[in-house]
Amino acid sequence: MVYLRLTKPIQRGLLHSVNVTGFMDNAGNIMKDTSIPIYLPKRGDITINEIHYDPDITRTNMPASEFIELYNNSAYFINLKDWHFGDENAYKNEDLSLIPEYILPPNDYLVLHPLDSISSYPLHSVVLHDFPTLNNDGDFLILQDSSGYIIDALHYSSDWDDNVFKQSGGYTLERRKDSILCSDALNWAIVTGK
């Protein structure tokens, strides 16, 4: 095992390389010179992209359980292992849900959902065993990386659309533009499914 001591912290949002040259193990084997890429995601690299907070299968073709969709807004593969997701109550109580290992490709999506809905999400999904209950009228959501750095956070509200029919359940809130980190009503819309 090799430990590196850095003189400066690694800057987020930039691709860094650790160049290994002339490394020899205890048996005298010399490792081939190599470069190891290191990327620490910055705020907005992974965004909370869709929120299904008030399921109602009698109104839409959406799944019968709550879910959150994440989007990789970066140009890099990002491992979500030991990242945390939760709502306001979980955040205040320092009890955010742990995300298992999952490498999210650039410009791709991942659905986080509770265990009881596993059959609704066959691909690109991860079960959170302690998925928070999302409040129907609005809630604060947070996504942190493994160091506790906040990658995305927002406070959503069910009244982010003027359509009272849609506000009464069954629909999802979806970010209109992934590249805009605006987390207010202007960048969100209620949708009926895909």
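The values are calculated or read from the model by the stated rules, or taken from the named source; none is laboratory data. Note that the coordinates shown come from a computational prediction; the quantities given were computed from them, not determined experimentally. So basically every Cβ, Gly included, is an ideal-geometry build from the backbone, and we count neighbours across all protein chains shown. Remember, those area values only see protein heavy atoms, side chains included, never the ligands or the DNA or RNA. Shrake-Rupley method; radii C 1.70, N 1.55, O 1.52, S 1.80 Å.
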| query | What are the pairs, 6+ residues apart or on separate chains, where a residue within segment 138-156 that is free of Cβ contacts under 8 Å to residues at least 24 places away in the same chain has its Cβ under 8 Å from a residue that is outside any loop (DSSP other than H, G, I, E, B) and surrounded by fewer than 19 Cβ atoms within 10 Å (Cβ to Cβ)? | reply | Gly138/His155; Gly138/Ser157
| remark: Checked segment 148-189 for anything of a type in the set (Val, Ile, Thr) and modelled with pLDDT of 70 or more; matches are Ile150, Ile151, Thr172, Ile180
| said: When the residues of segment 1-46 are narrowed to those that are touching a residue at least 12 places away in the same chain (Cβ under 8 Å) and on the phi > 0 side of the Ramachandran plot, which ends up most open to solvent (accessible area, probe 1.4 Å)? | reply: Gly13
| field | Failed item, numbered, when Asn136 is tested on (1) at pLDDT 80 or above; (2) closer than 23 Å to Tyr102 by Cβ; (3) open to solvent by less than 80 Å² (accessible area, probe 1.4 Å) | value | (2)
| Index of the failed condition, Ser125 passing every other in (1) open to solvent by less than 40 Å² (accessible area, probe 1.4 Å); (2) modelled with pLDDT of 85 or more | (2)
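Within segment 1-35, which residues are under 16 Å from Asn73 (Cβ atoms) and in a loop (DSSP other than H, G, I, E, B)?
Hits for segment 1-35 are Arg12, Gly13, Leu14.
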| Just for segment 36-49: of the residues that are modelled with pLDDT of 90 or more and outside any loop (DSSP other than H, G, I, E, B), which one is farthest from Ala189 (Cα to Cα)? | Tyr39
